[in-house]
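First up is the structure itself, then whatever we jot down about it.
The values are calculated or read from the model by the stated rules, or taken from the named source; none is laboratory data. Keep in mind the model is a prediction, meaning the values are calculated, not measured. Positions of Cβ are generated from backbone atoms using ideal geometry, with glycine treated the same way; all protein chains shown enter the neighbour counts. Areas reflect the complete protein model, heavy atoms only, side chains present, ligands, DNA and RNA absent. Shrake-Rupley method; radii C 1.70, N 1.55, O 1.52, S 1.80 Å.
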Amino acid sequence: MVAGERNWQQLLSMALQTPQALQIAVQPQTSTSLVGTDVRHEASLELHEPDGRVLGGAFFLPAAVRLGMSADYDLQALSLGLQWLGQHPGETLVVRVSVPSLEQDDLVPQVRKLLQSPPAQALGAGLEQLVLELDAHALEVNPARVAELCDETALAHVGVGLRRLDQSPKALWHLPSLPLRYVKLGGYFAEQSLSNPGVRHLLEAMISTAQDQGVRVYITDAVAPEAAAWLRIKGASLPVQGQG
């Protein structure tokens, strides 16, 4: 292992053992559709170093993936998310689970353990406000593990969402078999549908397949007014402009 990786391993291992070293930043996301407005809060992991520096997940999580520690960090984010829900009753919280974490055999048992822990049980019906978000690519590379996770979360009444469905169209095949809360599609992909018949047919298939299962469809980026109007008619929810 090169010196840089050794330093990362030391930093990441220490953070997992140090109280308050890992925290979540929570960003509200508001979306509107023809049937109303909803707000969900999306969690991202932060690493707080002793000298006061704060590292965002985009900076340190790739190293966690390389070192086989991604599941440890995703589980820590879930644990912190449960604490946040206890302090914010009635709010919806989204916690991401990465594709590399899903590849680790002990992830689902560890998720089960957390969802049966005292902090989770203390939430009662509030546990339904938790959503684990997966990259749709996971359905292309490890559909059995995704199904296993969905079965486990369903027992606890925890939701599962899919992001970047437009970037993994083969995942569409598995949608009818999964108890999903929502799927996300990118704004650029959605805008292309107005000028590209092939993209439009694919987008319509994604939206209709999700809606047939009672699954909400979110567009993640702002789009031109013409595209927004068409997407709303199709039943999609669009982001409120100006939120960051």
### Task
Could you check, for region 5-16, whether at least one of its residues is part of a helix (DSSP H, G or I), out of contact with any Gly (no Cβ under 9 Å at 6 or more places or on another chain), under 29 Å from Leu185 (Cα atoms) and open to solvent by less than 60 Å² (accessible area, probe 1.4 Å)?
no
### Summary
Scanning region 206-232 residue by residue, the ones that are touching a helix residue (DSSP H, G or I) at 6+ places or on another chain (Cβ under 8 Å) and surrounded by 13 or more Cβ atoms within 10 Å (Cβ to Cβ) total 15
### Query
Looking only at region 36-79, which residues are open to solvent by less than 30 Å² (accessible area, probe 1.4 Å), within 15 Å of the chain's Cα centre (by Cα) and not hydroxyl-bearing (Ser, Thr, Tyr)?
Arg40, His41, Ala43, Leu45, Gly57, Ala71, Asp74, Leu75, Ala77, Leu78
### Query
Among the residues of region 153-165, is there at least one that is open to solvent by less than 70 Å² (accessible area, probe 1.4 Å), farther than 30 Å from Pro119 by Cα and either out of contact with any Phe, Trp or Tyr (no Cβ under 6 Å at 6 or more places or on another chain) or modelled with pLDDT of 95 or more (or both)?
yes
### Task
Filter region 17-35 for residues that are within 22 Å of Ser70 (Cβ to Cβ), in contact with a Pro (Cβ under 9 Å, 6 or more places away or on another chain) and surrounded by 15 or more Cβ atoms within 10 Å (Cβ to Cβ) and give the result.
Ala21
### Task
For Val146, indicate whether it is out of contact with any Lys or Arg (no Cβ under 8 Å at 6 or more places or on another chain), modelled with pLDDT of 95 or more, open to solvent by less than 60 Å² (accessible area, probe 1.4 Å) and closer than 24 Å to Gln27 by Cα.
no
### Task
Within region 100-142, track down each residue that is open to solvent by less than 30 Å² (accessible area, probe 1.4 Å) and over 11 Å from the mean Cα position of the chain (by Cα).
Ser101, Leu102, Leu107, Val108, Val111, Leu115, Ser117, Ala120, Gly126, Leu127, Ala138, Leu139
